[in-house]
Amino acid sequence: MSKLDSKIPEGPMDRKWTDHKGHIRIVAPANKRRIDIIVVGTGLAGASAAASLAEMGYNVKAFCFQDSARRAHSIAAQGGINAAKNYQNDGDSTFRLFYDTVKGGDYRSREANVYRLAEVSANIIDQCVAQGVPFARDYGGLLDNRSFGGVQVSRTFYARGQTGQQLLLGAYSALMRQVGKGAVKMYDRHEMLDVVVVDGKARGIIARNLITGEIERHGAHAVLLCTGGYGNVFFLSTNAMGSNVTAAWKAHKRGAYMANPCYTQIHPTCIPVSGTHQSKLTLMSESLRNDGRIWVPNTLEDAQAIREGKKKGSDIPEADRDYYLERRYPAFGNLVPRDVASRAAKERCDAGFGVNKTGEAVYLDFGAAIERYGKLEANIHNIENPSPEKIKELGTAVVSEKYGNLFDMYENIVGENPYLHAMKIYPAVHYTMGGLWVDYNLQTTVPGLFALGEANFSDHGANRLGASALMQGLADGYFVIPYTVGDYLADDIRTGPIDTKTAAFDEAEKAVTDRIDHFLNNKGTKPVDDFHRRLGKVMWDKCGMARNAQGLQEAITEIRQIREEFYRDVRVPGSASEFNQELEKAGRVADFLELGELMCMDALNRNESCGGHFREESQEMDGPQKGEAKRDDANYAYAAAWEWLGEAGKATLHKEELTFDVVKLTQRSYK
Amino acid sequence: MKLTLKIWRQKGPKDKGKIVDYPVNDVSEDMSFLEMLDVLNDDLVRKGEEPIAFDHDCREGICGACSLFINGEAHGPGRMITTCQLHMRKFKDGDTIHVEPWRAEAFPVIKDLAVDRGAFDRIQAAGGFVSVNTNGNLVDGNALPIPKADADTAFDAATCIGCGACVATCTNSSAMLFVAAKVSQFALLPQGKVEAKNRVLAMVEQMDKEGFGNCSNTGACEVECPKGISLEHIARMNREYLAASVTKE
Ligand SMILES: Cc1cc2nc3c(=O)[nH]c(=O)nc-3n(C[C@H](O)[C@H](O)[C@H](O)COP(=O)(O)OP(=O)(O)OC[C@H]3O[C@@H](n4cnc5c(N)ncnc54)[C@H](O)[C@@H]3O)c2cc1C
Ligand code: SF4
Ligand code: FES
């Protein structure tokens with residue numbers, strides 16, 4: 001029998017969460033002191049959860065592999081965070097945010113979870129403001145908003161291009177306050193390498209102290225994985241170098257189902273690859289699509305001339321430019337959702353219209369925005385008949401005020417001034433909607449093991465809308481888990497501290513040390529990155545922006561070969577009892593090599609196109625939607641949850657049927 | 001291009017450490033400095049040698065993990081950038097580049113170029129927060145308008161990435177710029193005012209305990225700070241500190 005009980009509360013959609021909170025069990029204050037909780041990860045999800053749970057009185061241990069909790073990958077988020085505040089009076093509401101998110105996710109998410117997310121979104125902003133997060137404000141001193149892709153209201157709160165940083169520092173300061181009080185014990189430079197399951201319940205973890213190499217046992221009554229996404233399975237992505245799947249994968253191998261692993265978000269606006277040395281890709285925030293226009297030349301001759309350096313973008317007259325998003329999607333234009341924008345870029349580049357040496361780049365152009373803002377400023381400042389230079393100057397100042405840090409970042413990396421020359425961008429792996437399957441309470445299929453933030457599969461369906469990951473991470477950590485974990489822990493008030501000197505801990509620790517020993521004793525010839533790069537290429541080519549059955553089958557075979565070779569030929573220098581970054585990488589890549597195969601299996605199974613998952617076999621063949629993704633609700637309106645069967649490449653599929661009681665399933669059209 | 005790297009190698013906290021020379025070829029100017037080190041490390045591993053340890057994560061100038069002292073400058077040549085944002089086009093064929101870790105008593109070396117900056121976390125835990133619990137019933141975010149200018153200055157202070165370049169650059173290894181940035185952010189915002197006095201006293205006390213030196217106002221920190229944190233924040237913190245000390249019971 002399948003263990004997939006989503007535990008969606010009864011009742012009307014807008015009452016579910018309130019009623020659920022009112023009825024679930026809670027742990028009395030005096031008893032919370034007797035309960036230990038492990039929180040792995042200190043990103044938005046982990047830091048907010050750890051701080052909140054400690055404030056409530058639980059004993060919390062928090063872990064991260066960076067040298068400080070403040071450096072979790074959430075710090076890098078740029079654009080913003082959504083909330084249904086309707087401050088702009090543009091018709092926003094909880095329902096609209098809910099609806100946009102379900103539609104944006106291409107009807108592959110669980111309605112009840114998404115509704116809750118929209119419901120608590122407004123609280124998140126209040127909480128962050130109270131913590132002193134310096135959001136952008138208007139001249140009246142009120143909070144400012146901007147628009148993000150896939151929606152028609154302005155509900156995104158931001159702090160220049162560093163929203164993730166400011167939100168994380170807010171959550172981090174709440175966390176450090178609890179660390180100062182002794183309510184949270186912080187373990188930085190620690191990597192969790194296994195979950196320990198005792199009598200069917202998660203009761204602790206095995207972690208490696210990354211400085212001394214010591215293997216440690218930590219017991220607890222519940223374990224929360226807030227360990228982020230696995231986009232680095234593609235080697236090149238916008239994720240931080242250390243982002244990895246290890247914690248989630250170890251949980252998977254201990255019985256937690258992995259859901260929709262193939263749902264990957266490829267972000268349309270990233271800086272293109274510059275060479276083989278490339279170690280990661282840099283995102284140019286989606287907020288740029290508010291003002292930037294995306295185009296390629298109309299003719300193949302112009303495109304070729306640009307690639308050969310004979311022409312520049314600015315040499316192409318307006319009439320010879322193809323603003324392909326505006327052309328194909330007049331209603332949303334440059335603000336279509338990410339999956340749609342990425343595929344459209346790929347389509348143009350595959351057809352030969354790419355504008356850099358590799359042919360894999362399109363323009364993101366601020367020329368029109370600079371002119372528009374320049375004229376506006378001239379009006380505001382009563383400058384009559386401004387010269388084109390003056391307009392440019394004024395407009396450039398406005399664009400710089402809005403996006404300055406992003407433009408600087410671009411110039412730094414590419415070595416070209418984006419105020420003068422249109423930026424070149426290309427899609428890159430950015431986010432993983434898939435992750436550990438969780439029920440409404442954020443509990444995985446292993447009792448006592450919870451997953452929050454990007455590590456779970458919950459709210460974004462097959463495609464995440466911009467500015468919604470920060471929202472979800474903080475919703476999970478501040479406003480969901482503090483309630484739902486209590487319901488589970490209510491049974492544990494008399495359990496007493498978890499003994500770590502037991503067979504289950506022995507076994508888990510041994511598995512960890514055996515693996516480390518294998519790597520160090522394996523006198524192979526190639527460094528870890530070599531294998532990681534090869535895996536990444538297979539994934540990008542065959543399980544990336546477009547997928548087909550044949551390619552996916554080939555990918556599975558190739559990944560198996562790489563994995564076999566990896567174990568035979570990887571070289572990991574140094575020892576286990578020291579700071580050893582190659583050893584850290586080896587463990588992570590070993591897990592990516594197993595995950596990659598499951599992603600391909602999942603993509604192969606899902607013979608429909610939805611959101612970020614585009615199966616070439618499943619597209620509209622004619623009519624006005626020709627070439628657009630074709631969903632198959634009759635056969636695939638489910639979340640695919642995979643159960644580990646003891647070996648990579650062997651997994652059973654469990655289906656959580658998705659029912660849509662409130663939102664009507666329709667073709668997602670942005671035309 | 002071809003370069004000669006002179007890199008600090010130190011096996012562990014107790015090892016004395018030394019500079020080791022590494023010639024590198026085929027460096028492309030599009031590489032970032034850390035990608036250049038990746039290529040070197042790749043080569044070292046293939047040769048059976050130990051790669052060079054250094055901290056890094058986001059590689060886009062925001063996490064504050066990277067921390068190299070390059071040719072005598074924290075985060076290397078170039079202003080307002082971190083080491084991971086430094087690109088090789090800043091160097092030329094034939095250059096010799098010295099690479100060392102942050103040097104400060106409060107930042108002990110862990111291995112090679114990686115140091116322990118835990119002191120910053122402890123300073124933060126001493127008072128770098130607003131004491132507000134998670135609460136679903138807080139007042140509406142817009143109930144408290146904040147003048148744009150204050151919000152913007154608070155934001156500027158809040159962009160500190162906690163990298164420690166200010167400490168590494170300072171002849172006295174002072175952490176004033178880092179601490180001032182946090183104190184100043186909260187001092188500028190109404191939410192932070194309530195605890196302003198305790199905050200500044202507690203954070204400064206912890207800073208002193210950690211073994212950071214005194215500030216002698218040379219301003220070197222501001223120059224090397226990748227986020228352009230201004231000395232004005234130090235001035236603001238000094239005012240806050242003075243006021244708090246005077247009225248302290
Ligand atoms: C460049 C970029 C820009 C983005 N911009 C936006 C945006 O504007 N708006 C938006 O909504 N979203 C954005 N996102 C997405 C969003 O930032 C992430 O999805 C989100 O921050 C993830 O938060 P998290 O708490 O789930 O995980 P993370 O922040 O990734 O944190 C993971 C934590 O887990 C720890 N960890 C992982 N594995 C282990 C282990 N084995 N042992 C111990 N610790 C471990 C890490 O140390 C870290 O503390 C962006 C993402 C990127 C890459
Ligand atoms: S003040 Fe500047 S140099 Fe110092 S830690 Fe902050 S960002 Fe780094
Ligand atoms: S690696 Fe994150 S700031 Fe340099």
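The values are calculated or read from the model by the stated rules, or taken from the named source; none is laboratory data. Bear in mind that the values here come from a model prediction, so they are computed numbers and not experimental data. Glycine gets a Cβ as well: all are built from the backbone with ideal geometry, and neighbour counts include every protein chain shown.
Hey, does the stretch B:116-125 have a residue that's surrounded by fewer than 23 Cβ atoms within 10 Å (Cβ to Cβ) and within 16 Å of ligand 3 (Cβ to nearest atom)? No. Mind listing just one residue for me: the one in the stretch B:13-26 that is surrounded by 15 or more Cβ atoms within 10 Å (Cβ to Cβ) and within 27 Å of the chain's Cα centre (by Cα) and, of those, farthest from B:Arg59 (Cα to Cα)? So the residue we want is B:Gly17. The single condition from (1) assigned to a loop (DSSP other than H, G, I, E, B); (2) in contact (Cβ under 8 Å) with a residue 12 or more places away in the chain that B:Leu5 fails is (1). For the stretch B:168-180, the tally of residues that are within 16 Å of ligand 3 (Cβ to nearest atom) and within 14 Å of chain A (Cβ to nearest Cβ) stands at 1.
Where helices (runs of 4 or more DSSP H) fall wholly inside the stretch A:1-76, the ranges with 2 or more residues that are away from every other protein chain (no Cβ under 14 Å) are A:16-23, A:29-32. Residues of the stretch A:235-271 that are within 14 Å of chain B (Cβ to nearest Cβ) and on the phi > 0 side of the Ramachandran plot: A:Phe235 alone. When each of B:Leu68, B:Leu40 is tested for being touching a residue at least 12 places away in the same chain (Cβ under 8 Å), within 12 Å of chain A (Cβ to nearest Cβ) and either more than 16 Å from ligand 3 (Cβ to nearest atom) or within 13 Å of the chain's Cα centre (by Cα) (or both), the lone residue that passes is B:Leu40.
Taking the criterion of being part of a loop (DSSP other than H, G, I, E, B), buried (at least 24 other Cβ atoms within 10 Å of the Cβ) and modelled with pLDDT of 95 or more, the residues of the stretch A:446-458 that qualify are A:Gly448, A:Leu452, A:Phe457.
Among residues of the stretch A:165-191 that are farther than 21 Å from A:Asp476 by Cβ, those with a Cβ under 7 angstrom from a residue that is away from ligand 1 (no atom under 14 Å from the Cβ) and assigned to a helix (DSSP H, G or I), sequence gap 6+ or separate chain, pair up as A:Gly180/B:Ala125; A:Gly180/B:Ala126.
Conditions tested, residue by residue: (1) assigned by TED's automatic domain parsing to the domain that holds A:Ala629; (2) over 30 Å from A:Lys201 (Cβ atoms); (3) surrounded by fewer than 17 Cβ atoms within 10 Å (Cβ to Cβ).
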residue	(1), (2), (3)
A:Ala490	no, no, yes
A:Ile493	no, no, yes
A:Ala511	yes, no, yes
A:Lys537	yes, yes, yes
A:Lys542	yes, yes, no
A:Tyr567	yes, yes, yes
A:Phe579	yes, yes, no
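Taking the criterion of being outside any helix (DSSP H, G or I) and away from ligand 2 (no atom under 16 Å from the Cβ), the residues of the stretch B:78-94 that qualify are B:His87, B:Phe91, B:Lys92, B:Asp93, B:Gly94. Is it true that A:Ala331 is over 30 Å from B:Lys227 (Cα atoms) and at pLDDT 95 or above? No: the conditions fail for A:Ala331. Of the listed requirements (1) more than 7 Å from chain A (Cβ to nearest Cβ); (2) at pLDDT below 95, B:Val99 misses just one: (2).
Scan the stretch A:349-364 residue by residue and report those that are over 26 Å from the mean Cα position of the chain (by Cα), surrounded by 18 or more Cβ atoms within 10 Å (Cβ to Cβ) and closer than 21 Å to A:Leu283 by Cα. Of everything in the stretch A:349-364, those that are over 26 Å from the mean Cα position of the chain (by Cα), surrounded by 18 or more Cβ atoms within 10 Å (Cβ to Cβ) and closer than 21 Å to A:Leu283 by Cα turn out to be A:Gly354, A:Val355, A:Asn356.
Selection within the stretch A:35-83: residues that are hydroxyl-bearing (Ser, Thr, Tyr) and within 16 Å of ligand 3 (Cβ to nearest atom). The member of this set that is surrounded by the fewest Cβ atoms within 10 Å (Cβ to Cβ) is A:Ser68. B:Asp55 satisfies every condition listed in (1) free of Cβ contacts under 8 Å to residues at least 40 places away in the same chain; (2) part of a loop (DSSP other than H, G, I, E, B); (3) facing another protein chain (nearest Cβ under 9 Å); (4) at negative phi except (1).
Only a single criterion out of (1) buried (at least 24 other Cβ atoms within 10 Å of the Cβ); (2) within 7 Å of another protein chain (Cβ to nearest Cβ) is not satisfied by B:Ile81, namely (1). Tallying residues that are closer than 30 Å to B:Lys16 by Cα and more than 8 Å from every other protein chain (Cβ to nearest Cβ) within the stretch B:112-164 yields 8. Being in contact (Cβ under 8 Å) with a residue 12 or more places away in the chain, surrounded by 15 or more Cβ atoms within 10 Å (Cβ to Cβ), over 20 Å from A:Gly466 (Cβ atoms) and under 35 Å from the mean Cα position of the chain (by Cα) is true for just one of A:Ile306, A:Ile316, A:Ile391. Which residue is that? Matching residue, one of A:Ile306, A:Ile316, A:Ile391: A:Ile306. Residues that are free of Cβ contacts under 8 Å to residues at least 24 places away in the same chain and either within 11 Å of chain B (Cβ to nearest Cβ) or of a type in the set (A, V, I, L, M) (or both) within the stretch A:80-129 comprise A:Asp126, A:Val129, listed in sequence order. Restricting attention to the stretch B:40-51, does a residue exist that is modelled with pLDDT under 95, part of a loop (DSSP other than H, G, I, E, B) and among the small types (Gly, Ala, Ser)? Yes: the stretch B:40-51 contains one or more residues that are modelled with pLDDT under 95, part of a loop (DSSP other than H, G, I, E, B) and among the small types (Gly, Ala, Ser).
Within the bounds of the stretch A:122-142, is there any residue that is within 19 Å of the chain's Cα centre (by Cα), among the hydrophobic types (A, V, I, L, M, F, W, C), outside the structural domain of A:Glu286 (by TED's automatic domain parsing) and at pLDDT below 95? Within the stretch A:122-142, none of the residues are within 19 Å of the chain's Cα centre (by Cα), among the hydrophobic types (A, V, I, L, M, F, W, C), outside the structural domain of A:Glu286 (by TED's automatic domain parsing) and at pLDDT below 95.
Filtering the stretch B:96-112 to residues that are under 24 Å from B:Ala181 (Cβ atoms) and touching a Leu at 6+ places or on another chain (Cβ under 9 Å) leaves B:Pro101, B:Trp102.
Does A:Gly354 satisfy the criteria of being on the phi > 0 side of the Ramachandran plot and away from every other protein chain (no Cβ under 14 Å)? Against the criterion (on the phi > 0 side of the Ramachandran plot and away from every other protein chain (no Cβ under 14 Å)), A:Gly354 does not qualify. Assess whether A:Leu288 counts as being crowded, with 22+ Cβ neighbours inside 10 Å and within 14 Å of chain B (Cβ to nearest Cβ). Answer is no for this residue.
Of everything listed in (1) within 16 Å of ligand 3 (Cβ to nearest atom); (2) in contact with a Leu (Cβ under 6 Å, 6 or more places away or on another chain), the single unmet condition for B:Glu224 is (2).
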